[in-house]
Each structure stands twice: as C-alpha cells, then as structure tokens.
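J.: The structure is given below, and queries will be raised subsequently.
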Amino acid sequence: MTGDLIYYLLALLTIVPAFWVVLSPNIVHACFALLFTLLGAAGLYAWMGADFIAVTQLMVYIGGVLVLILFTVMMTRVPQAGHRAKSLDRYVPPAVIGLAMMALLWKVITGTEWATEGLGPVEPTITEIGTNFMTSYIFPFEFVSLVLLAAMIGAAILIRERKNTDEEPESEPEDQEVQS
C-alpha cells in the first residue's frame, strides 16, 4: 500500500508540472515546472529500480540541459510585444492532436497484458554497468570520449575562426590631402 502511494505521488509530481510547462505563458515559470517534471521522472526511475537512469536523469537533464535553458532564457532579451487578442483557433489543433495521442496511449496501456507475477525485489544496476564499462566495453567507452574531445576541439576552432572573421580590419583615414 505504501509503495502504491509513493508511486502515485511521484506520478503526480511528474504530470501536474508537465501541464504547467505546456500551459504557462511565462517561460521562466515553465522552466521551473520542467524542473519538477524531470525530478518526478527521476523519482519514478529510482522507484522502479533503474538507479543509473535516475542519476543520469538528474545529472544530464536537470544539471545540464535545464540549467542551460534557464541561463539562455535569463540572458536573452526578448522584446515584449503588446497583448494580442488570444483566439480559440490557435488552441484547437494542438488540443485535437493531444487528445488523439492520449487516446492512443490509453488504448496501448489498457490493451497490454502487464506481467506482474514473479517480480522480485529490485536489484541495483550501477555496479554491473560500471563493471561492464571498465572491462567488456572499455574500448567503445574510450573511443566515445575521444570523439567527444574532437567535437569540443572542433567547436573551439570554429568559434575562434568566426570571431576572427567578425572583426573588421582597421581602415586608414581617407581625409588626408594629397600633395602634388
């Protein structure tokens, strides 16, 4: 019973802010609502025993992507347009698509026979993943790190070249008198 209550609280923590992300007119409020949605998803992953995915959710999405979005929003000056009249026509197509997707998901969820028998306690996965990374999959792991390093170096070179081409050379004054 306690497990069901925790699951429903985590699901509520995921779904309610997700609606706020979609319906919020303020982008900063939408970003903070997205924070709680991602926290709820990480909690659900942890509750289901996918501890590596839960930690990855926290580190990558909340620690990286969401902070990047917040800093980008806060550092960008967006001109405030006057209040436009909000017509109902602009909300109808997304509402129809959203309802169709919800109906499809409901049909898939209710039409699937979920195996609930024979499920035992959840085992942690981080130890096994770490062991596989450092033994069986060490070459792909190191190769990906080299590819990411090359991408970072390439991005730095591209930014440096772009910075150099943006600078204009200083021109000499044209108002000099020609002596003959």
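The values are calculated or read from the model by the stated rules, or taken from the named source; none is laboratory data. Only a predicted model underlies this, so the values are computations on that prediction, with no experimental measurement involved. Neighbour counts run over all protein chains shown; Cβ positions are idealised from the backbone, glycine included. Remember, those area values only see protein heavy atoms, side chains included, never the ligands or the DNA or RNA. Shrake-Rupley method; radii C 1.70, N 1.55, O 1.52, S 1.80 Å.
J.: For Glu123, are the conditions met, namely being outside any helix (DSSP H, G or I) and at pLDDT 85 or above? Steps first, please.
T.: On the way: outside any helix (DSSP H, G or I): yes; at pLDDT 85 or above: no.
No: the conditions fail for Glu123.
J.: With the structure loaded, tell me whether Met1 is touching a residue at least 24 places away in the same chain (Cβ under 8 Å) and of a type in the set (A, V, I, L, M, F, W, C) or whether it fails that test. Spell out the reasoning first.
T.: Working: touching a residue at least 24 places away in the same chain (Cβ under 8 Å): no; of a type in the set (A, V, I, L, M, F, W, C): yes.
The answer is no for Met1.
J.: Provide a single number: the residues in segment 127-141 that are open to solvent by 80 Å² or more (accessible area, probe 1.4 Å) and among the aliphatic types (A, V, I, L, M).
T.: Qualifying residue count, segment 127-141: 1.
J.: For segment 33-52, what are the residues that are open to solvent by 40 Å² or more (accessible area, probe 1.4 Å), hydrophobic (A, V, I, L, M, F, W, C) and under 23 Å from Glu123 (Cβ atoms)?
T.: Ala46, Trp47, Met48, Phe52
J.: To continue, here is another question. In segment 106-120, how many are open to solvent by less than 100 Å² (accessible area, probe 1.4 Å) and either modelled with pLDDT of 85 or more or under 21 Å from Ala54 (Cβ atoms) (or both)?
T.: Residues meeting the conditions: 6.
J.: Still on this structure, please answer the following. Could you identify the single residue in Thr14, Thr72, Thr56, Thr37 that is out of contact with any Phe, Trp or Tyr (no Cβ under 7 Å at 6 or more places or on another chain), assigned to a helix (DSSP H, G or I), of a type outside the set (D, E, K, R) and at pLDDT below 85? Spell out the reasoning first.
T.: Values: Thr14 fails: at pLDDT below 85; Thr56 fails: at pLDDT below 85; Thr37 fails: at pLDDT below 85.
Of Thr14, Thr72, Thr56, Thr37, the one residue that is out of contact with any Phe, Trp or Tyr (no Cβ under 7 Å at 6 or more places or on another chain), assigned to a helix (DSSP H, G or I), of a type outside the set (D, E, K, R) and at pLDDT below 85 is Thr72.
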